[in-house]
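Before any comments, here is the structure.
The values are calculated or read from the model by the stated rules, or taken from the named source; none is laboratory data. Since this is a predicted model, take the numbers as computed values, not measurements. Don't worry about glycine lacking a Cβ; one is built from the backbone with ideal geometry, like all the others, and counts go over all protein chains shown.
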């Protein structure tokens with residue numbers, strides 16, 4: 001299981017103290033990649049050369065007595081939708097194959113500054129559209145805990161890389177659950193911070209009003225450390241909240257005594273019984289640790305999925321229009337400009353991306369805007385209102401992360417609507433712009449991990465991490 | 001650019017009582033150092049694709065950050081146009097074109113920064129300004145091969161992204177304009193205001209000011225007709241010509257039983273006509289939606305107040321001030337020209353140095369066309385020249401000669417130049433003696449002059465000037481001739 005790997009906190013401390021070296025730690029991870037990457041396919045690109053150079057540099061600096069930052073020498077993997085200067089960034093799409101960004105995403109810059117060693121770019125559903133990482137143009141990623149099953153998605157490569165010990169931690173992006181759901185299915189911790197807490201500069205956009213970068217890790221403390229490193233105001237992202245990063249590590253030992261934990265009374269149907277049993281166990285654990293369980297109603301929750309599948313594709317149809325073959329990425333030549341656009345985009349995008357571009361274009365079109373996109377925006381406000389009422393009586397809310405444990409590869413890939421239901425618990429958070437995270441809490445069917453989701457209000461990361469740490473202690 | 005405001009009216013009245021209804025959409029590039037959403041330079045005329053960056057090129061992951069100075073210039077313009085500045089938002093206008101790098105333009109849509117203003121034209125004509133909103137410019141495409149000069153049918157096209165992301169303000173007038181002259185006056189006045197507040201260099205020839213014209217025709221007792229939008233109107237002169245052509249075209253269509261379709265038309269300046277660019281049916285559906293990468297632009301009242309307080313005196317007020325000082329009509333050409341050149345402060349400073357302001361107005365208008373708002377000639381030098389002339393120490397002709405010399409050398413002592421050139425004006429009694437001598441010598445011309453032949457006066461004045469070796473004042477000589485004729 002995932003927790004057999006050394007923690008980021010421990011690795012960083014050992015490298016700093018000289019108990020081990022960045023190079024040795026990197027080689028351990030590269031050896032695991034050598035062993036299992038062939039069957040798992042977590043990466044689009046493994047950066048062994050630049051990683052070895054970075055590790056050697058860190059070791060030299062530490063030997064010279066320099067402070068190399070809180071992640072000095074720790075191998076980290078990046079979802080392949082975060083721009084890395086001079087390093088291919090594909091979004092697992094043929095249309096961007098071979099494109100090398102001329103700049104680093106803000107999170108990448110901050111990881112470098114903190115001393116992290118970037119070990120590779122991870123596989124994902126194309127342009128982050130999917131819940132299984134089967135929609136990658138470069139082939140699916142497999143769940144390290146059962147390679148006949150999906151790792152979840154869209155950040156499946158990042159989740160699998162951590163679960164397989166290919167990286168000590170990783171970054172993913174979450175637009176409707178793309179960090180939390182794969183975290184749950186791979187048995188790792190995954191955090192979707194409050195919208196605006198982590199800069200989106202350099203994150204290739206899927207749905208700009210929903211996208212947020214967050215960490216995957218083997219434990220709650222590592223997630224707290226990573227989030228502290230990547231969070232905080234960035235003037236290059238106008239939607240970045242003008243605040244410093246939250247101080248999370250100190251909250252991990254505070255316990256949950258006196259906290260009020262919300263239990264949703266009108267839960268969507270369709271959860272596996274073992275998943276619901278683990279949720280009940282989580283409530284019981286928190287109650288016995290001194291928290292109070294409070295019933296809350298979220299009546300608009302059931303409309304979240306519908307609203308999301310109008311808003312996210314609408315924004316995507318605009319965000320992905322720039323892939324026209326004119327300036328970068330792949331081009332398919334044709335007789336005139338419109339034919340070139342058509343040929344390039346037909347060849348460059350996969351089915352799910354095309355489906356969402358069409359859906360979003362339709363939802364924004366004259367004559368349909370009010371009935372679809374406009375109405376979805378109203379639902380989005382209603383969901384935020386519902387959450388506001390719920391948080392008047394509780395600090396955080398607990399739900400399952402995913403209705404099911406990891407499902408077999410191919411089980412849902414021909415049925416988009418069933419696939420979309422994977423995100424029923426995670427989507428409302430993105431619509432509201434709130435924080436949420438998934439923490440592994442035992443196993444369900446087939447002895448596969450179950451994740452419990454902790455929902456918190458905007459900038460509620462501190463109470464969220466207090467509860468996460470308590471659940472980790474209880475599991 | 002010459003001022004059109006006081007040019008003679010040649011707007012033709014449409015036949016059979018038809019009346020034009022005109023609205024103008026003017027795009028101006030703001031005079032900022034950098035682009036609207038990135039740090040690339042906003043500079044015209046550089047090598048293609050040198051003022052670019054990830055945001056300008058629409059690279060994946062690049063995000064827009066609003067330029068505060070652009071907002072300030074837009075507010076300055078809005079306040080100068082008597083607009084209300086309000087909380088505003090940005091939208092995406094989605095369409096595919098190679099010079100639109102993101103495949104959407106970021107523009108203000110239903111909540112523009114400036115709303116509900118107006119602009120005054122000569123004769124106290126008030127033209128409503130519906131809105132003045134911020135948006136980004138596109139890149140510039142050049143199409144090679146083919147015959148149409150458009151992308152379809154061309155062999156290849158090149159795109160220059162230097163202009164992409166340059167801040168624009170689009171100023172939309174209400175359909176309050178009724179003649180092509182008013183339209184030209186509106187553009188001219190708007191240009192003066194833009195220059196005055198420093199929002200833009202407003203050069204139509206460089207494209208930093210671009211005018212789209214909406215024209216419809218109707219009978220006064222009928223609702224407004226269907227409008228056509230005319231693009232590619234690249235000079236103030238073309239604004240007038242395009243409107244005249246388009247209004248007549250629409251009248252011709254209607255008079256022959258046709259209907260006007262709502263469409264976008266292209267002004268061909270060399271042919272002097274408009275032709276269909278695209279009809280409403282094949283117009284793009286821009287799928288506007290709120291730009292999720294930006295937040296609400298809500299200038300604080302303190303900021304708005306500070307911008308308002310820092311506004312310079314606007315052209316209308318400056319014209320009134322200058323006209324009052326000079327004792328001339330505020331709508332006279334000289335007043336417009338001087339204020340548009342920004343030379344009104346200079347003219348008033350000539351007055352402060354003791355020079356007659358009306359005379360200064362004329363001299364500056366005539367001789368300072370190539371000078372900017374701060375002419376090289378010190379105001380006191382011009383004042384000394386005017387004083388010399390006013391005291392009849394030199395003639396008007398001599399004054400002009402001296403003025404040309406002062407302008408050429410960037411200043412000079414008028415009295416010294418006059419002395420060096422041997423300039424002096426004859427005093428009145430000497431001039432009267434000279435006039436009488438010429439009358440006696442040129443009896444034939446004198447008789448013709450007295451008989452009412454105006455040409456004869458020219459011969460007499462010419463003879464007087466010649467006899468005086470240029471020291472006679474032409475006007476004074478004419479006055480003496482007239483009085484001699486009256487008392488004959």
**OP:** Filter the stretch B:36-57 for residues that are within 26 Å of residue B:188 (Cα to Cα) and more than 13 Å from chain A (Cβ to nearest Cβ) and give the result.
**Re:** B:42, B:43, B:44, B:45
**OP:** State which residue is nearest to the other protein chains (Cβ to nearest Cβ) when the search covers only the stretch B:106-118 and only residues that are surrounded by fewer than 22 Cβ atoms within 10 Å (Cβ to Cβ) and not in a loop (DSSP other than H, G, I, E, B).
**Re:** B:106
Original post:
Can you find a residue in the stretch A:65-72 that is at pLDDT 95 or above and buried (at least 24 other Cβ atoms within 10 Å of the Cβ)?
Top reply: yes
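Results for (1) within 27 Å of the chain's Cα centre (by Cα); (2) modelled with pLDDT under 95; (3) over 18 Å from residue B:102 (Cβ atoms); (4) loosely packed, with under 15 Cβ neighbours inside 10 Å, shown as yes or no for each residue.
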| site | (1), (2), (3), (4) |
| --- | --- |
| A:300 | yes, yes, yes, no |
| A:307 | yes, no, yes, no |
| A:314 | yes, no, no, no |
| A:343 | no, no, yes, no |
Original post:
Scanning for something in contact (Cβ under 8 Å) with a residue 12 or more places away in the chain, surrounded by fewer than 16 Cβ atoms within 10 Å (Cβ to Cβ) and more than 44 Å from the chain's Cα centre (by Cα), does the stretch B:405-426 turn up at least one residue?
Top reply: no
Subject >> Those residues of the stretch B:58-97 which are within 13 Å of another protein chain (Cβ to nearest Cβ), touching a strand residue (DSSP E or B) at 6+ places or on another chain (Cβ under 8 Å), part of a loop (DSSP other than H, G, I, E, B) and at pLDDT 95 or above, in sequence order >> reply: B:61, B:64, B:66, B:67, B:89, B:90, B:95
Subject >> Residue identified as part of a helix (DSSP H, G or I) and in contact with a strand residue (DSSP E or B) (Cβ under 6 Å, 6 or more places away or on another chain) among B:183, B:132 >> reply: B:183
Original post:
How many residues are in a helix (DSSP H, G or I), buried (at least 22 other Cβ atoms within 10 Å of the Cβ) and touching a helix residue (DSSP H, G or I) at 6+ places or on another chain (Cβ under 6 Å) when one looks only at the stretch A:20-50?
Top reply: 4
Subject >> Search result, residues across the stretch B:264-309 that are over 24 Å from residue B:150 (Cβ atoms), touching a residue at least 60 places away in the same chain (Cβ under 8 Å) and either within 14 Å of another protein chain (Cβ to nearest Cβ) or part of a loop (DSSP other than H, G, I, E, B) (or both) >> reply: B:288, B:289, B:290, B:291, B:293, B:294, B:296, B:297, B:298, B:299
**OP:** Count, please, the residues in the stretch B:405-424 that happen to be out of contact with any helix residue (DSSP H, G or I) (no Cβ under 7 Å at 6 or more places or on another chain) and assigned to a helix (DSSP H, G or I).
**Re:** 4
**OP:** Filter the stretch B:220-237 for residues that are touching a strand residue (DSSP E or B) at 6+ places or on another chain (Cβ under 7 Å) and surrounded by fewer than 16 Cβ atoms within 10 Å (Cβ to Cβ) and give the result.
**Re:** B:220, B:224, B:226
Original post:
Among A:338, A:319, which is the only one that is part of a helix (DSSP H, G or I) and modelled with pLDDT under 95?
Top reply: A:338
Original post:
Do we have residue A:348 as touching a helix residue (DSSP H, G or I) at 6+ places or on another chain (Cβ under 6 Å) and modelled with pLDDT of 95 or more here?
Top reply: yes
Original post:
From A:325, A:333, A:262, A:270, which residue is crowded, with 19+ Cβ neighbours inside 10 Å and modelled with pLDDT under 95?
Top reply: A:325
Original post:
Quick one: residue A:387 ticks every box in (1) closer than 30 Å to residue A:259 by Cβ; (2) within 11 Å of another protein chain (Cβ to nearest Cβ) bar one, so which box is it?
Top reply: (2)
**OP:** Take residue A:209 and decide whether it is under 17 Å from residue A:173 (Cα atoms), outside any strand (DSSP E or B) and within 14 Å of chain B (Cβ to nearest Cβ).
**Re:** yes
Original post:
Among the residues of the stretch B:91-102, is any touching a residue at least 12 places away in the same chain (Cβ under 8 Å) and over 28 Å from residue B:283 (Cα atoms)?
Top reply: no
Subject >> the stretch B:147-164 - residue that is touching a strand residue (DSSP E or B) at 6+ places or on another chain (Cβ under 8 Å) and away from chain A (no Cβ under 14 Å) and, of those, surrounded by the fewest Cβ atoms within 10 Å (Cβ to Cβ) >> reply: B:149
Subject >> Given (1) on the phi > 0 side of the Ramachandran plot; (2) in contact (Cβ under 8 Å) with a residue 24 or more places away in the chain; (3) away from chain B (no Cβ under 12 Å), index of the condition residue A:86 fails >> reply: (2)
**OP:** Could you grab me the full set of residues in the stretch B:449-488 that are assigned to a loop (DSSP other than H, G, I, E, B) and farther than 27 Å from residue B:393 by Cβ?
**Re:** B:451, B:452, B:453, B:487, B:488
Original post:
Just to be sure, is residue B:396 at pLDDT below 90, within 23 Å of residue B:476 (Cα to Cα) and touching a helix residue (DSSP H, G or I) at 6+ places or on another chain (Cβ under 9 Å)?
Top reply: yes
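The rows are residues; the columns are (1) farther than 20 Å from residue B:96 by Cα; (2) surrounded by fewer than 19 Cβ atoms within 10 Å (Cβ to Cβ); (3) within 13 Å of another protein chain (Cβ to nearest Cβ).
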| site | (1), (2), (3) |
| --- | --- |
| A:340 | no, yes, yes |
| A:349 | no, no, no |
| A:357 | no, no, yes |
| A:365 | no, yes, yes |
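For (1) touching a strand residue (DSSP E or B) at 6+ places or on another chain (Cβ under 9 Å); (2) in a helix (DSSP H, G or I); (3) crowded, with 17+ Cβ neighbours inside 10 Å; (4) assigned by TED's automatic domain parsing to the domain that holds residue B:125, each residue gets a yes or a no:
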residue	(1), (2), (3), (4)
B:321	no, yes, yes, no
B:331	no, no, no, no
B:337	no, yes, yes, no
B:348	no, yes, yes, no
B:351	no, yes, yes, no
B:355	no, no, yes, no
B:360	no, yes, yes, no
B:366	no, yes, no, no
Original post:
What strands (runs of 3 or more DSSP E) completely inside the stretch A:101-201 contain at least 2 residues that are more than 24 Å from residue A:54 (Cβ to Cβ) and within 16 Å of the chain's Cα centre (by Cα)?
Top reply: A:189-192
**OP:** Kindly indicate the residue of the stretch A:73-83 that is under 26 Å from residue A:20 (Cβ atoms) and part of a strand (DSSP E or B) and also nearest to the other protein chains (Cβ to nearest Cβ) among those meeting that condition.
**Re:** A:78
Original post:
When both residues are 6+ apart or on different chains and their Cβ atoms are under 7 Å apart, which pairs have a first residue that lies in the stretch A:322-334 and is within 8 Å of another protein chain (Cβ to nearest Cβ), and a second that is surrounded by fewer than 19 Cβ atoms within 10 Å (Cβ to Cβ) and in a loop (DSSP other than H, G, I, E, B)?
Top reply: A:324/B:96
